[in-house]
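The values are calculated or read from the model by the stated rules, or taken from the named source; none is laboratory data. Just so you know, these numbers come straight off a predicted model, no measurement behind them. Backbone-built Cβ (ideal geometry, glycine too); neighbour counts: all protein chains shown.
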Amino acid sequence: MSFVDVVGAGRIGHGIALCVAMHGFRVRLRDVKHRTPDERKMLREKILSQIQESLRLFEECEFIHEPVDEVVKRIVFADGYDGLEDAFHVVEAVPEDAAVKKQVYSMVCERIGSDALLASTSSSMRPSALAKHVKHPERFLVTHWINPAELIPLVEVAPAPQTSRETVEEAVEFLRRCGKRPVVCGDSPGYVSARLQAALMNEALRLVEEGVASPHDVDEALMAGIGFRLSVHGLLEFVDWGGVDILYRVDEYLAAELNAERFRPPALLRKLVEERRLGMHVGRGVFDYDGIDIEALKLSRKKAMVKRLKQLRDEQG
């Protein structure tokens, strides 16, 4: 029987193993760090306990409908690299250290078949740099799972220049079968989510630093405002909803008032304004709305927000 192999038994590794097992795959969770027998035994017991705790939560929330023990049975603990020959999908989940990853790729590539897919969970290293260290770069790419891996739907798929189209398609299909929402992005530092997250986090810290609001109130503003909205539709769709030209004017105002270059309108925003692609109300903005009933789209988003609002109210009692 073919396996999914997760190389690296840290938090991200065993989260991936849990997610994969929950969706019916047999998975080997490999610890490749040097440990004493007692340390290895303690690690396995700790991971197993955490996996069972997570599964009980899924069960309590009626997310899974099979016994916890059946899911656990699909997870096999392994040490080192022996037995990789029958793996069809290998996930490297070791720390963000180029030397460590290079060593792991050397050991993995000695054992896996040429048709096996090798994916790195790197959150920051460019796939083109990592691909230099693998035997079959056409079968290599980054699939950036986000902690906690068993919960966050997004996985960023970043191919290297040498990665074949078939490999990308295969990775995307595998992730979808694992219940994920894969997004394919370019060979760029930080991919998509890390850059968006860093921009938002840094601005939140600046607000506290400048005395604009307390840490609690900054977080409350995010959760009750931007975060609430983003649970329903994407950021760029909201640019079109609110108006491309509105964002342009807000950017210009903030850049001038705060004397901050980071708020200067990006070139794409200027181009959209010049081309009069001003958003949903004109049928074109970041997205093209030809053939789309915009009023029906807006109504569906509003209904989703009402449902989310009700859920929050019910949770608060």
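Given the conditions (1) on the phi < 0 side of the Ramachandran plot; (2) touching a Phe, Trp or Tyr at 6+ places or on another chain (Cβ under 8 Å), which single one is not true for Gly279?
It fails just one condition, (1).
Return the pairs, sorted by first residue and then second, in which the second residue is small (Gly, Ala, Ser) and surrounded by fewer than 22 Cβ atoms within 10 Å (Cβ to Cβ), the first residue lies in the range 9-24 and is in the same structural domain as Val155 (by TED's automatic domain parsing), the beta carbons are less than 8 Å apart, and the residues are 6+ apart or on different chains.
Leu18/Ser54; Cys19/Gly179; Met22/Gly179; His23/Gly179
Has the range 73-85 got at least one residue that is over 23 Å from Ile146 (Cβ atoms) and buried (at least 22 other Cβ atoms within 10 Å of the Cβ)?
yes
Are there any pairs, at least 6 apart or on different chains, whose C-beta atoms fall under 7 Å, with the first in the range 225-237 and assigned by TED's automatic domain parsing to the domain that holds Gly285 and the second part of a helix (DSSP H, G or I) and basic (Lys, Arg), and if so, which?
The qualifying pairs are Phe228/Arg308; Ser231/Arg308; Val232/Arg301; Val232/Arg308; His233/Arg301.
Tally time: how many residues in the range 181-191 are surrounded by 17 or more Cβ atoms within 10 Å (Cβ to Cβ) and touching a Pro at 6+ places or on another chain (Cβ under 6 Å)?
Total satisfying the criteria: 1.
In the set Lys271, Lys302, Lys307, which member is without any contact (Cβ under 8 Å) to a residue 12 or more places away in the chain and closer than 25 Å to Ile152 by Cβ?
None of the others qualify; the one that does is Lys307.
Suppose we filter the range 145-176 for residues that are of a type outside the set (Val, Ile, Thr) and within 22 Å of Met107 (Cβ to Cβ); how many remain?
4
Surrounded by 12 or more Cβ atoms within 10 Å (Cβ to Cβ) and touching a residue at least 60 places away in the same chain (Cβ under 8 Å): which single residue out of Ala204, Ala213, Ala221, Ala194 fits that description?
Criteria check complete, one pass: Ala194.
I'm checking my understanding of the structure. Among residues of the range 224-274 that are at pLDDT below 95 and β-branched (Val, Ile, Thr), which one is surrounded by the fewest Cβ atoms within 10 Å (Cβ to Cβ)?
Ile226
Hey, can you tell me all the residues within the range 154-188 that are assigned to a strand (DSSP E or B) and over 10 Å from Glu138 (Cα atoms)?
The answer is Leu154, Val155, Glu156, Val157, Ala158, Arg181, Pro182, Val183, Val184.
Looking at the range 132-150, which of its residues are free of Cβ contacts under 8 Å to residues at least 40 places away in the same chain and farther than 16 Å from Val94 by Cβ?
The answer is Lys132, Lys135, His136, Pro137, Glu138, Arg139, Leu141.
Within the range 155-174, is even one residue in contact (Cβ under 8 Å) with a residue 60 or more places away in the chain, surrounded by 12 or more Cβ atoms within 10 Å (Cβ to Cβ), farther than 28 Å from Phe63 by Cβ and not β-branched (Val, Ile, Thr)?
no
Do we find that Phe88 is surrounded by 13 or more Cβ atoms within 10 Å (Cβ to Cβ) and touching a Gly at 6+ places or on another chain (Cβ under 9 Å) in this structure?
In short, yes.
Considering the range 28-64 alone, what residues qualify as being within 26 Å of the chain's Cα centre (by Cα), without any contact (Cβ under 8 Å) to a residue 12 or more places away in the chain and in a loop (DSSP other than H, G, I, E, B)?
Within the range 28-64, Cys61, Glu62, Phe63 meet the criteria.
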